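One structure is given below, encoded as structure tokens.
FYI, it's all coordinate maths here, none of it is from the lab. Note that the structure is a prediction, hence the values are computed from the model and not measured. Positions of Cβ are generated from backbone atoms using ideal geometry, with glycine treated the same way; all protein chains shown enter the neighbour counts.
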Ligand SMILES: [Zn+2]
């Protein structure tokens, strides 16, 4: 089994080749466009590009408030966004890549409508790196800086609608070699890369900011699965794809690799003149035809265990705008009457062992569909499963298009080569995100935390909160104790959580620097008072306890009697009373002292005064 990952993440700020913001909404206007294929650098039209041409769709673009003539492809690109370039260099450094001497942008031909120009600008910044994992290093092949595509709004009746708001957002793509051993390892690797991604200050923390493609092969050709939206889906998606390919392997075995010959499409619209199926009635009324064709030897294979050969064919139909492809293993579900079924089978010439497919579409579509179906069956029976598939939100995969080849690149002559000098790399050294191990040792050395505390701060997504609090308040060991022990204890006692920071969960780890205090703003407020009032650690803890357990409002904390620490004079008075009683020693003085007062006190001062006052014996 071979698995590789491509992780894409967006940057916030400005777009890659114009000064539009990365954030915007729809402006109300729109325009239409059709895209046509052009040849790549080597003079050939790429497979995936040709396939889109067959689909022959029209595109409608919704203009957004964050788009200009560059997004419309009516003005050449502006110079590259330097911050985005620097981020790509920094992440390349973090992932041990060689940085290219020149960033050279290419045009990647994409005519599925996701670009107004018919191409996507992309440039390799780093290559030949690696990331450490528990199963050894996973090699990083390339790190590229590219433009994000349009955001798809809808697709129906051969027309796709897109918004320009996402087009041109800087996108960094990290691609690994197929060094990943299994689905669990894929998840681990994605998390490890995710750590560096989330460490970048300008990482765009929005829904859909991170997208993952998974490359997979178990010996039947490389499948590229596009758009795994959540980290946790990587494993589900791979598990589904493994099951799918195993099932197709079994089906292919039944035919010894020889493809069953798809029968001719036969028009059976007449059968349905008085049909009870409103779906078929409506389709015929709108001028569509119902046709059927025989698939020899495929009875009970269209729906095979959990897996469906029928779905393989339906995906092909769907991609050219044909909504319905039914098959004989599923006919009962469509509410067809026995009489209708018999007529369908008769028209198709179905034998016992055959399956029949029924397709509803306009006549010309059948001309396009038939060769695609034959090609698909042939490919499956030969177990040539290489293709581009889409990940679904439920953790499955669907056929998308043939794999793109190398024929879809040509140089972007509107953007000059950008030299990346040693000095340039040196100047942005501070941007390079640190590895988890480096962060741990820094926490231990710089903030004097224990290794366990350092690890817990990272694992509980508290690191960024810790760093931002410590930057302003400088009580590292207290802050760590508050975050890791005091708050969870209080939450448990109160049976209520503080506001959870769900965004931090996107990649399983959240390690941004300088992000907001949103998660623990209560603690920040209390720490603010502590700083003004020069509270010691025990007073601070008492304040948090009052707030969280006794519901004392923040505004009252400053003036609470018990939070005004005892003066040395007052401490001396209490101890004087205490020493007159019998059993008192350094071991129990703090406990006894606490019983004598509700107010905060500095235990060190208590011990000091006790030593002065204790009866010498
Ligand atoms: Zn723009």
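Here the stretch 161-305 yields Rg over Rh of 1.13, to two decimals, using C-alpha coordinates and the Kirkwood radius.
Shown for the stretch 194-236 is the translational diffusion coefficient from the Stokes-Einstein equation, using the Kirkwood radius over Cα pairs, a temperature of 10 °C and a viscosity of 1.306 mPa s: 131 µm²/s. In the chain, the longest principal axis of the Cα atoms and the axis of helix 233-254 are about 30 degrees apart.
Distance between the pseudo-spin-label points of residue 65 and residue 429 (7 Å out from Cα toward the beta carbon): 4.2 nm.
Once the Cα-Cα distance is subtracted from the 0.36 nm per residue extended length, the residue 42 to residue 558 segment shows a gain of 178.4 nm. Taking the helices alone, the chain has a mean residue ellipticity at 222 nm of -11000 deg cm²/dmol, built from -39,500 (n - 2.57) per DSSP H run of at least 4 residues and averaged over all its residues.
For the stretch 334-393, what number results from the quotient of the Cα radius of gyration and 2.2 N^0.38 Å? All intermediate terms of the calculation are to be shown ahead of the outcome.
Details: Rg = 15.4 Å, N = 60, 2.2 N^0.38 = 10.4 Å.
Dividing the Cα radius of gyration by 2.2 N^0.38 Å gives 1.47.
From the alpha carbon centroid of the stretch 572-594 to that of the stretch 98-155 is 70 Å. Relative to the longest principal axis of the Cα atoms of the chain, the long axis of helix 521-533 makes an angle of roughly 20 degrees. Taking every C-alpha pair closer than 8 Å and separated by at least 6 residues, the mean separation divided by the residue count of the stretch 568-613 gives a relative contact order of 56 percent.
FRET efficiency for residue 254 and residue 96, Cβ-Cβ distance as r, R0 = 45 Å, nearest 0.05? Efficiency at R0 = 45 Å is approximately 0.40. Using 0.36 nm per residue and subtracting the Cα-Cα separation, the extra length available between residue 205 and residue 613 on full extension is 140.9 nm.
In whole Å, how far is the Cα centre of the stretch 247-285 from that of the stretch 403-420? For the stretch 247-285 versus the stretch 403-420, the Cα centre distance is 44 Å.
Legend: Rg and Dmax of the stretch 266-381, from Cα coordinates, 13.4, 39 Å.
Pairwise Cα distances in the stretch 347-429 exceed 21 Å for 65 percent of all pairs. Relative to the longest principal axis of the Cα atoms of the chain, helix 338-348 runs at roughly 60 degrees.
Between the C-alpha center of the stretch 158-212 and that of the stretch 7-22 there is a gap of 14 Å. By the beta-carbon count within 10 Å of each Cβ, the least crowded to most crowded order of 340, 612, 177, fewest first, is 612, 177, 340.
With neighbour counts taken as other beta-carbon atoms within 10 Å, the residues 492, 288 rank, fewest first, as 492, 288.
Would you mind ranking 200, 279, 381 by Cβ crowding within 10 Å, fewest neighbours first?
279, 381, 200
Based on alpha carbons, the Rg and Dmax found for the stretch 568-613 are 9.3, 25 Å. Its residue count N fixes a reference of 2.2 N^0.38 Å for the chain, and the Cα radius of gyration divided by that reference is 1.30. Using 0.36 nm per residue and subtracting the Cα-Cα separation, the extra length available between residue 346 and residue 30 on full extension is 108.8 nm.
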